[in-house]
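J.: I'd like to ask you about the structure that follows.
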Amino acid sequence: MSEHHRLADVERILSDSNISDALLWGEHAMRLHGIPAVALRDDLVINDNDLDLATAALVSKGWREQSSTQPPSRAGFWLEGWQDFMGSGRRLLYPDSYQDLQDQELLLLPRSYLGLDPLSPALHDTSSGLSYPSATALAGSIANVFSKASGHCALLMQAWAAYFLQYGVLEKDAVDELVARNPECWQELLHLT
């Protein structure tokens, strides 16, 4: 099953539960902005008050909820700093009916943890039916997670933020805005690029 079909299935289940503003986040959203990235997990942003409803809707369709204390199947994501990040949301494994995806995780992340305002500009991915944050909103949310994170999670968030500069995804005024909001993350990166 293709990535677009499985994400479209998730979107349909959430939409059927009246959750219509889920956003792709992480590597998927970065790719949609032209940043080459490999998605090792599916990350979706959910409004905080819809997190339990979204989890219940997916579990009712065969998804299996994972404990926030159980290491993921790809244990590299359990290095220092990842427990807090992944523990902020709900971790689910795809149902058995997705034969090639039994170890693929779906991480539902609360909007507030990522610092994404419900009114943040979003773009629409027609292939999956899901939306994703604008480049500036996505980069800002990654920097927000960086400021909360530690260890390897913080390092990855900083690397992701650097990709926005390396691949020229952001306009100069957007970079200036991001530096003003989170200088700890962005000033060092600007000196490196």
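J.: Where residues in the range 80-95 are farther than 14 Å from R111 by Cα and in a loop (DSSP other than H, G, I, E, B), which of them is most open to solvent (accessible area, probe 1.4 Å)?
T.: E80
J.: When you go through (1) out of contact with any Leu (no Cβ under 7 Å at 6 or more places or on another chain); (2) among the aliphatic types (A, V, I, L, M); (3) open to solvent by 20 Å² or more (accessible area, probe 1.4 Å) one by one for L165, which number turns out not to apply?
T.: Of (1) out of contact with any Leu (no Cβ under 7 Å at 6 or more places or on another chain); (2) among the aliphatic types (A, V, I, L, M); (3) open to solvent by 20 Å² or more (accessible area, probe 1.4 Å), only one is false for L165: (1).
J.: In the range 14-54, how many residues are open to solvent by less than 60 Å² (accessible area, probe 1.4 Å), touching an Asp or Glu at 6+ places or on another chain (Cβ under 8 Å) and over 18 Å from P118 (Cβ atoms)?
T.: Selection size over the range 14-54: 7.
J.: How about the range 1-71: which helices (runs of 4 or more DSSP H) wholly inside it have at least 3 residues that are within 22 Å of V169 (Cβ to Cβ)?
T.: Per the criteria, 3-16, 26-32.
J.: Among the numbered criteria (1) closer than 23 Å to I13 by Cα; (2) of a type in the set (S, T, Y); (3) touching an Asp or Glu at 6+ places or on another chain (Cβ under 7 Å), which single criterion is violated by S147?
T.: (1)
J.: If you go through the range 96-104 one residue at a time, do you hit one that is among the hydrophobic types (A, V, I, L, M, F, W, C), modelled with pLDDT of 95 or more and either over 14 Å from the mean Cα position of the chain (by Cα) or under 29 Å from P121 (Cα atoms) (or both)? Steps first, please.
T.: Step one: list which residues in the range 96-104 are among the hydrophobic types (A, V, I, L, M, F, W, C), which gives 101.
Cutting the leftovers down to modelled with pLDDT of 95 or more gives us none.
No, the range 96-104 has no match at all.
J.: Are any residues in the range 137-193 under 18 Å from the mean Cα position of the chain (by Cα) and either in a loop (DSSP other than H, G, I, E, B) or hydroxyl-bearing (S, T, Y) (or both), and if so, which ones?
T.: Answer for the range 137-193, where residues must be under 18 Å from the mean Cα position of the chain (by Cα) and either in a loop (DSSP other than H, G, I, E, B) or hydroxyl-bearing (S, T, Y) (or both): S141, S147, A149, S150, Y163, V169.
J.: Does at least one position in the range 85-101 carry a residue that is among the hydroxyl-bearing types (S, T, Y), farther than 30 Å from K61 by Cβ and touching a residue at least 24 places away in the same chain (Cβ under 8 Å)?
T.: Just the residues of the range 85-101 that are among the hydroxyl-bearing types (S, T, Y), to begin with: 88, 94, 97-98.
Checking which are farther than 30 Å from K61 by Cβ leaves us with none.
No, the range 85-101 has no match at all.
The values are calculated or read from the model by the stated rules, or taken from the named source; none is laboratory data. Keep in mind that this is a model prediction, so the values were computed, not measured. Cβ atoms come from the backbone with ideal geometry, glycine included; neighbour counts cover every protein chain shown. Note: accessible area is taken over every heavy atom of the protein model, side chains too, but ligands, DNA and RNA are not part of it. Shrake-Rupley method; radii C 1.70, N 1.55, O 1.52, S 1.80 Å.
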